[in-house]
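Every read-out reported here was derived from the displayed coordinates using simple, explicitly stated rules and does not represent laboratory data. Since the model is a prediction, treat every value here as computed from it, not as a measurement. No Cβ is skipped: glycine too gets one built from the backbone with ideal geometry, and neighbour counts run over all protein chains shown.
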């Protein structure tokens with residue numbers, strides 16, 4: 001089961017902090033993260049990888065991005 005973080009409309013570091021909070025809650029599995037800027041996409045990807053998560057896929061979603069993060 002995947003959880004999601006909707007950080008659209010928020011500027012950094014909010015999307016990163018929200019993603020890290022979700023990573024701490026679920027610890028493994030899959031997380032869908034929605035962001036609407038290139039900067040947020042890159043920062044969330046780096047933060048997730050620093051916690052041992054993989055960026056499985058990145059999709060363009062409307063005016064932003066959907067990142068699929070996975071661990072375990």
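Along Cα→Cβ, 7 Å out, is where each label goes; now give me the distance between the ones at residue 58 and residue 17 in nm to one decimal.
Between residue 58 and residue 17, the label points sit 2.3 nm apart.
Going highest first, how would you order 9-19, 53-63 by mean Cβ packing within 10 Å?
Ranked by mean Cβ neighbours within 10 Å, highest first: 9-19, 53-63.
Points 7 angstrom from Cα along the Cβ direction at residue 71 and residue 4: gap in nanometres?
2.2 nm
To test your reading of the geometry: what angle, between 0 and 90 degrees and rounded to tens, separates the Cα axis of helix 14-26 from the longest principal axis of the chain?
Taking Cα atoms only, the helix is inclined about 20 degrees.
Taking 0.36 nm per intervening residue step and subtracting the Cα-Cα distance, what contour gain separates residue 39 from residue 27 on full extension?
Here the segment from residue 39 to residue 27 would lengthen by 1.9 nm.
Where does the chain land on Rg(C-alpha)/(2.2 N^0.38 Å)?
Values: Rg = 10.6 Å, N = 72, 2.2 N^0.38 = 11.2 Å.
With N residues counted in the chain, Rg over 2.2 N^0.38 Å equals 0.95.
Considering only the chain, what is the antiparallel percent among its DSSP beta bridges, to the nearest 5?
75 percent
Using only Cα atoms, tell me the angle between helix 38-50 and the longest principal axis of the chain; keep it within 0 to 90° and round to the nearest 10.
Between helix and principal axis, roughly 10 degrees.
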